1. In segment 93-100, is there at least one residue being in a helix (DSSP H, G or I), modelled with pLDDT under 90 and out of contact with any helix residue (DSSP H, G or I) (no Cβ under 8 Å at 6 or more places or on another chain)?
2. Evaluate segment 95-106: report whether one residue or more is more than 18 Å from P21 (Cα to Cα) and of a type in the set (G, A, S).
3. If I go through segment 13-25 residue by residue, how many of them are surrounded by fewer than 21 Cβ atoms within 10 Å (Cβ to Cβ) and under 24 Å from G100 (Cα atoms)?
4. Taking only segment 44-85 into account, find how many residues are aliphatic (A, V, I, L, M), at pLDDT 95 or above and part of a helix (DSSP H, G or I).
5. So is Q112 closer than 20 Å to D28 by Cα, under 14 Å from the mean Cα position of the chain (by Cα) and open to solvent by 80 Å² or more (accessible area, probe 1.4 Å) or not?
6. Can you pull out the residues in segment 99-116 that are touching a residue at least 40 places away in the same chain (Cβ under 8 Å) and more than 20 Å from M84 (Cβ to Cβ)?
7. All but one of (1) part of a helix (DSSP H, G or I); (2) without any contact (Cβ under 8 Å) to a residue 24 or more places away in the chain; (3) surrounded by fewer than 16 Cβ atoms within 10 Å (Cβ to Cβ) hold for K88; state the number of the condition that does not hold.
Amino acid sequence: PLSALQNKYTLVHFWGSWSGPSRQNHTDLKKIYKDFNSENFEIYSVGFDEKEDKWKQVIKEDGIQNWKVHVVEPEGTKSDLLNMYKVKYLPALFLIDEEGTVIGENRSYEQQRQVLQEKLE
């Protein structure tokens, strides 16, 4: 669960294997993960996919399997989780600080990088 990542900066990444923008976003997120992966940072990846096999395949194809936390939401876009977070489009990103507070929502790659540099370096 997400609560297991307390005391870390966590980038919660909502995406779908069927979403072109989600998959394009993986390139930038891999760079962030490579540069900031440490005891104090993790990506929590949530795939909104009704087809778990496709979700697993895309994780491998896009090279994001080394992220420690991958969760699939088998209800896909019918999931209540999207409504809870007021997500209208995928991908969606939420940066959470070590206290569990959302400190950034849907920031660009450059903005995410800047905040993480300030907080983690």
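The values are calculated or read from the model by the stated rules, or taken from the named source; none is laboratory data. None of these values were measured; they are calculated from a predicted model. Methodologically, a virtual Cβ is constructed for each residue, glycine included, from the backbone with ideal geometry; neighbour enumeration extends over all protein chains shown. Note: areas computed on protein heavy atoms with side chains; ligands, DNA, RNA excluded. Shrake-Rupley method; radii C 1.70, N 1.55, O 1.52, S 1.80 Å.
1. No, the conditions are met nowhere in segment 93-100.
2. yes
3. Pass one, segment 13-25, residues surrounded by fewer than 21 Cβ atoms within 10 Å (Cβ to Cβ): 18-21, 23-25.
With under 24 Å from G100 (Cα atoms) added as a condition, the list becomes 25.
The number of residues fulfilling the criteria is 1.
4. Here the count works out to 2.
5. No, not satisfied.
6. Listed by number, the residues that qualify are Y109, Q112, R113, L116.
7. (1)
Condition check ((1) closer than 20 Å to I96 by Cα; (2) open to solvent by 10 Å² or more (accessible area, probe 1.4 Å); (3) in contact (Cβ under 8 Å) with a residue 24 or more places away in the chain) across all residues:
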residue	(1), (2), (3)
D28	yes, yes, yes
D35	yes, yes, yes
E52	no, yes, no
G63	no, yes, yes
K68	yes, yes, yes
